Amino acid sequence: AQSVTQLGSHVSVSEGALVLLRCNYSSSVPPYLFWYVQYPNQGLQLLLKYTTGATLVKGINGFEAEFKKSETSFHLTKPSAHMSDAAEYFCAVRGYGNFNKFYFGSGTKLNVKP
Amino acid sequence: DAGVTQSPTHLIKTRGQQVTLRCSPKSGHDTVSWYQQALGQGPQFIFQYYEEEERQRGNFPDRFSGHQFPNYSSELNVNALLLGDSALYLCASRQNSNTEAFFGQGTRLTVV
């Protein structure tokens, strides 16, 4: 079975500071990994994904994440937070195969202070 | 491209009633999944449809059922609504051969 753990349900940073959102997964085989962002009363928007190849993945809005197999982690970072980054972020895993489902973490709400 | 569209956006139902939620996938997508997102939680997988058949199902009771139509659109039906069914219901679509899923805005269901 697969599962996702997001450390910290709430993270608060100052505008311009580094953003680090943590995600660890458990899976019997290296899965596909995703970060989604959800703004209030909205659906989920894909930030970035890891499937194969380079372990450092760049996404939209300046976000990036690094797949570390040895640590079973896929932490999300952004060098400089912007007020518009305030939202909830979800890490998700999905196994290989056409019909495999997404497993989501419980989410991390990012607050950006002026 | 309109992306994934869901209707209605909000819905209030009474316990014991039945509800139908609708989803139109992104153009070119043939696989539709439904997720339930309770307040303060991550989305939980309900089921997935491809070629008009349910391909996978999560840990949800039989009160939750679905359908996929030849044009790939989908419906989620919930019977005998419980207060605990109150949640945001998300539809996700993708091309079966692709890893990436696109989500709709969701339907906010409130059961009173």
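Each reported figure results from applying straightforward, stated rules to the coordinates on display, with no laboratory input. None of the values given here were measured: they were computed from a predicted structure. Cβ coordinates were reconstructed from backbone atoms using ideal geometry, including for glycine residues, and neighbour counts include every protein chain displayed.
Structure data summary
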| item | result |
| --- | --- |
| Given charges at beta-carbon only (K, R positive; D, E negative), |dipole| of chain B in Debye | 420 debye |
| Distance (nanometres) between label positions extended 7 Å along Cα→Cβ at B:His10 and A:Ser12 | 2.9 nm |
| Environment charge of B:Ile12, counting only residues whose C-beta is closer than 15 Å and scoring Lys/Arg +1, Asp/Glu -1 | +2 |
| Label-point separation in nm, B:Asn96 to A:Gln45, each point 7 Å along Cα→Cβ | 3.1 nm |
| At R0 = 25 Å, FRET efficiency that the Cβ-Cβ distance of A:Ile60 and B:Leu39 yields, to 0.05 | 0.40 |
| Simple label model, 7 Å out from Cα along Cβ direction - B:Thr20 to B:Gln56, nm | 2.7 nm |
| Of A:Lys49/A:Lys78; A:Lys78/A:Lys109; A:Lys101/B:Lys13; A:Lys78/A:Lys113, pairs whose Cα-Cα distance is over 19 Å | A:Lys101/B:Lys13 |
| Peptide B:99-109, shielding by other chains (average Cβ, 10 Å cutoff) | 5 |
| In order through the range B:43-52: 3J(HN,Hα) via Karplus (6.51 cos²θ - 1.76 cosθ + 1.60), integer Hz, x for Gly, Pro | x, 10, 5, 9, 6, 9, 10, 8, 6, 6 |
| 10 Å Cβ neighbours from other chains, averaged over peptide A:87-93 | 1 |
